[in-house]
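The values are calculated or read from the model by the stated rules, or taken from the named source; none is laboratory data. Keep in mind the model is a prediction, meaning the values are calculated, not measured. Using ideal geometry, Cβ is built from the backbone for each residue, glycine included, and neighbour counts are taken over all protein chains shown.
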Amino acid sequence: MSTRFTGKVALVTGSSNGIGRATAVLLAQEGAKVTITGRNAERLEETKQEILKSGISEDNVLAIATDLATEKGQDELINSTIQKFGRLDILVNNAGAAFNDAEGKTGVDQDVSVFDKIMQINMRSIVTLTQKAKKYLIEAKGEIINVSSIGAGPQAQPSFMYYGMSKAALDQFTRSSAIDLIQHGVRVNSVSPGAVITGFGEAMGMPAGMHEKYGHFMESHKECIPCGSMGKPIEIANIIAFLADRKLSSYIIGQSIVADGGSTLVMGMQAHDMMDILKSQ
Ligand code: NDP
């Protein structure tokens, strides 16, 4: 097992499920002490058990069940991490969500309360948590990795417009904070996943089985996912670990790595074979 993060302390938000869980487990397995967090204490415990199962000491894991959308929750995360581990080297701003309009409206008719809720967790919480972590990350000459989405664009996202807007704002935050913080030796980068199998759909209120239905459709349409398979959380976690590892990615500043099985490279009008279209007419 690699020990490349030995001596480092990582805080991974949204690590009670999905991409955050895979990231926290990977960083811990590679030597980091990790603070794991989410609101759901039961699922957070599952993440902790997965880490301990790898033979990692309980002393290397701090689990905090809290609401990241509140500044109180954010203070608790930073203060408890510093109290227990004494430093902070890696901040992974991964927690995020999308919400449906209560009346099922999409596009510009989506209620603005949905906009507020999405921006609160996907953008505002990242700004304030970064502010609170800054001092410790500068001391450690540390790394920030934000988890964005291909929903940020440049393609349109009419069904989940506010979600896409929150991630587009996050990309600009990544670029701008990267230039602001590199003068202090702190690197900021991000990863932009495509469709990944996680608890995201369930958190949005999708009924059981719907996520699988969606995944099956995407995988069987080459214009949706050219590589033919949904992403796995570990495939995104590996990129986060790469961006957190200064030996490997030192010269990457303020960039986002797209990991989407080819989805964003396909234009609708180029997704079908021209010869097949002509033959059928
Ligand atoms: P999951 O729903 O599996 O995980 C989301 C995590 O965020 C959970 O641990 C959840 O914890 C946490 N979270 C959400 N809201 C809050 C809150 N208010 N306070 C504290 N924690 C919160 O989804 P993913 O793993 O897919 O999502 C991780 C990131 O990846 C998100 O930023 C998402 O936008 C992004 N992404 C995901 C894609 C996908 O296809 N899955 C595609 C592109 C980007 P809890 O429920 O315990 O509070």
*Failed condition for Ser149, given (1) hydroxyl-bearing (Ser, Thr, Tyr); (2) within 13 Å of the chain's Cα centre (by Cα); (3) surrounded by fewer than 23 Cβ atoms within 10 Å (Cβ to Cβ)*: (3)
*Answer yes or no as to whether Lys222 is surrounded by fewer than 18 Cβ atoms within 10 Å (Cβ to Cβ), in contact (Cβ under 8 Å) with a residue 40 or more places away in the chain and not β-branched (Val, Ile, Thr).*
yes
*Take region 94-141 and flag every residue that is among the hydroxyl-bearing types (Ser, Thr, Tyr) and over 21 Å from the mean Cα position of the chain (by Cα).*
Thr106, Ser113, Tyr136
*Filtering region 195-218 down to residues that are farther than 28 Å from Gln255 by Cβ and of a type in the set (Phe, Trp, Tyr), which residue is farthest from the ligand (Cβ to nearest atom)?*
Phe217
*Kindly indicate which of Leu88, Leu26 is closer than 21 Å to Lys141 by Cβ, crowded, with 17+ Cβ neighbours inside 10 Å and either out of contact with any helix residue (DSSP H, G or I) (no Cβ under 7 Å at 6 or more places or on another chain) or of a type outside the set (S, T, N, Q) (or both).*
Leu88
*Across region 262-281, which residue is surrounded by the most Cβ atoms within 10 Å (Cβ to Cβ) among those that are in a helix (DSSP H, G or I) and of a type in the set (Val, Ile, Thr)?*
Thr264
*Among the listed residues Ala69, Ala63, which satisfies the condition of being within 16 Å of the ligand (Cβ to nearest atom), within 20 Å of the chain's Cα centre (by Cα) and farther than 28 Å from Ser256 by Cβ?*
Ala63
*asked:* What are the pairs with Cβ atoms under 7 angstrom where one residue, in region 102-125, is surrounded by 17 or more Cβ atoms within 10 Å (Cβ to Cβ) and the other, located anywhere, is of a type in the set (Lys, Arg) and assigned to a helix (DSSP H, G or I)? Sequence gap at least six, or different chains.
replied: Asn122/Lys167
*Applying the selection to region 233-261, what residues are assigned to a loop (DSSP other than H, G, I, E, B) and touching a residue at least 60 places away in the same chain (Cβ under 8 Å)?*
Asp245, Ser250, Ile252, Ile253, Gly254, Gln255, Asp260, Gly261
_Here is a list: Ser192, Ser159. Which entry is within 29 Å of Ala140 (Cβ to Cβ) and either within 12 Å of the ligand (Cβ to nearest atom) or of a type outside the set (Lys, Arg) (or both)?_
Ser192
_Yes or no: region 8-16 includes at least one residue that is within 12 Å of the ligand (Cβ to nearest atom), in a strand (DSSP E or B) and surrounded by 24 or more Cβ atoms within 10 Å (Cβ to Cβ)._
yes
_Output for region 134-146, where each listed residue is hydrophobic (A, V, I, L, M, F, W, C), more than 12 Å from the ligand (Cβ to nearest atom) and surrounded by 23 or more Cβ atoms within 10 Å (Cβ to Cβ)_ = Leu137, Ile144
*What number of residues within region 62-116 are more than 30 Å from Phe5 (Cα to Cα), of a type outside the set (A, V, I, L, M) and assigned to a loop (DSSP other than H, G, I, E, B)?*
9
*asked:* What pairs come out if I take residues in region 50-78 that are among the small types (Gly, Ala, Ser) and pair them with residues that are modelled with pLDDT of 95 or more and away from the ligand (no atom under 15 Å from the Cβ) whose C-beta lies under 8 Å away, six or more apart or interchain?
replied: Ser54/Ala28; Ser54/Gln29
